[in-house]
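Structure first, then comments.
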Amino acid sequence: LCVPAVPVLFKQALENTDVEEGKSISLRCELTKAEATVVWKKGEATLQASAKYEMKQKGTVAELVIHNAEPEDA
């Protein structure tokens, strides 16, 4: 028996958020499937974990923390 894969959907999408320059901001989204692979992008560029970008995932919640936010992070 072959069961087709169920697509992963967003239960809660990202929301527009303001942050003061130089502060950290946390962006969260919730998925319909736990531990699904999440790729964070800015435009066409894939973000990589660094001192600036911190990626976390627990269960169905994926989080991107941007440290030392700048206008270019919009």
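The values are calculated or read from the model by the stated rules, or taken from the named source; none is laboratory data. Quick caveat: nothing in here was measured; it's all calculated off a predicted structure. FYI the Cβ positions are ideal-geometry reconstructions off the backbone, even for glycines, and counts take in every protein chain you see. The area values use the complete protein model at the heavy-atom level, side chains included, leaving out ligands, DNA and RNA. Shrake-Rupley method; radii C 1.70, N 1.55, O 1.52, S 1.80 Å.
Only the Cβ atoms of Lys and Arg (+1) and of Asp and Glu (-1) were treated as charged; on that basis the dipole of the chain about its Cα centre amounts to roughly 440 debye.
Evaluate E = 1/(1 + (r/R0)^6) for Glu35 and Glu70, where r is the Cβ-Cβ distance and R0 equals 35 Å; express this FRET efficiency to the nearest 0.05. Plugging the Cβ-Cβ distance into 1/(1 + (r/R0)^6) gives 0.65.
With protein chains left intact and a 1.4 Å probe, residues in the chain average 78 Å² of accessible area per residue.
Roughly to the nearest percent, how much of the accessible area of the chain is carbon and sulfur, given a 1.4 Å probe? Heavy-atom surface of the chain belonging to carbon and sulfur, 1.4 Å probe: 53 percent. Ordering Thr17, Ala49, Pro71 by Cα displacement along the dipole of segment 1-73 toward the positive end leaves Ala49 in first place; charges were set at the Cβ atoms of Lys, Arg (+1) and Asp, Glu (-1). With the gyration tensor restricted to C-alpha atoms of the chain, the semi-axes of the equivalent ellipsoid amount to 28, 12, 11 Å, longest first.
Take the Cα coordinates of segment 35-74, assign each an equal point scatterer, and use the Debye formula without solvent to give log10 I(q)/I(0) at q = 0.15, 0.20 Å⁻¹. These q points yield log10 I(q)/I(0) values of -0.37, -0.64.
Couplings 3J(HN,Hα) for segment 47-62, derived from phi with the Karplus relation 6.51 cos²θ - 1.76 cosθ + 1.60 (θ = phi - 60°), are 7, 10, 4, 7, 5, 7, 10, 10, 9, 10, 8, 9, x, 9, 9, 10 Hz, where x marks Gly and Pro.
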